[in-house]
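Reading through the structure tokens given below for one structure.
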Amino acid sequence: MWRMAITGGLVGILCCVGPTALALLGLVSASTAFVWATDLYDNYAWWFRLGGLAVLVLLVWWNLRRRNQCTIAGVHRWRWQLLAVLAIAAGTYAALYALTTWLGTFA
């Protein structure tokens with residue numbers, strides 16, 4: 001459950017995390033990473049968010065199907081876990097957004 005949620009949140013904020021990771025690894029300068037992240041976030045943020053949501057839905061569908069619970073009754077049975085996955089994904093997105101924004105102040 002945690003891995004699905006963190007993966008969905010990470011894909012959703014990949015527009016900012018990718019350039020930040022490149023800067024922290026020393027592959028690009030901090031100012032270049034800041035410009036890339038700003039450009040990606042300003043122009044393509046909703047595409048990344050929709051991609052993260054699509055990854056999350058795909059992983060949840062795959063997990064429910066693997067457990068033979070891919071029915072309305074199965075979703076009803078797992079509703080609290082599914083809400084927890086959604087909350088963890090949103091929390092991951094928010095935490096990484098805060099981290100990358102804070103790191104952007106040093107660029």
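A few notes on this one:
- Hits in region 66-88 (condition: of a type in the set (Val, Ile, Thr) and farther than 16 Å from Arg3 by Cα): Thr71, Ile72, Val75
- The number of residues in region 70-84 being charged (D, E, K, R) and under 17 Å from Leu59 (Cβ atoms) comes to 1.
- In region 22-36, the residues that are of a type in the set (A, V, I, L, M) and within 13 Å of Thr101 (Cα to Cα): Ala30, Ala33, Val35
- Filter result for Leu103 (part of a helix (DSSP H, G or I) and surrounded by 16 or more Cβ atoms within 10 Å (Cβ to Cβ)): yes
- Residue list for region 60-83, restricted to those being touching a Gly at 6+ places or on another chain (Cβ under 9 Å) and either outside any helix (DSSP H, G or I) or at pLDDT 85 or above (or both): Val60, Arg67, Asn68
- Where Thr32 falls short, out of the listed (1) part of a helix (DSSP H, G or I); (2) surrounded by 12 or more Cβ atoms within 10 Å (Cβ to Cβ); (3) modelled with pLDDT under 85; (4) not aliphatic (A, V, I, L, M): (3)
- Odd one out for Tyr93, checked against (1) assigned to a loop (DSSP other than H, G, I, E, B); (2) touching a Lys or Arg at 6+ places or on another chain (Cβ under 9 Å): (1)
- Options Thr20, Thr38: the member that is surrounded by fewer than 16 Cβ atoms within 10 Å (Cβ to Cβ) and more than 24 Å from Cys70 (Cα to Cα): Thr38
- The listed residues are Ala33, Ala84, Ala73, Ala37, and the only one of them that is free of Cβ contacts under 8 Å to residues at least 12 places away in the same chain and small (Gly, Ala, Ser) turns out to be Ala73.
The values are calculated or read from the model by the stated rules, or taken from the named source; none is laboratory data. Computed from a predicted structure; not experimentally measured. Don't worry about glycine lacking a Cβ; one is built from the backbone with ideal geometry, like all the others, and counts go over all protein chains shown.
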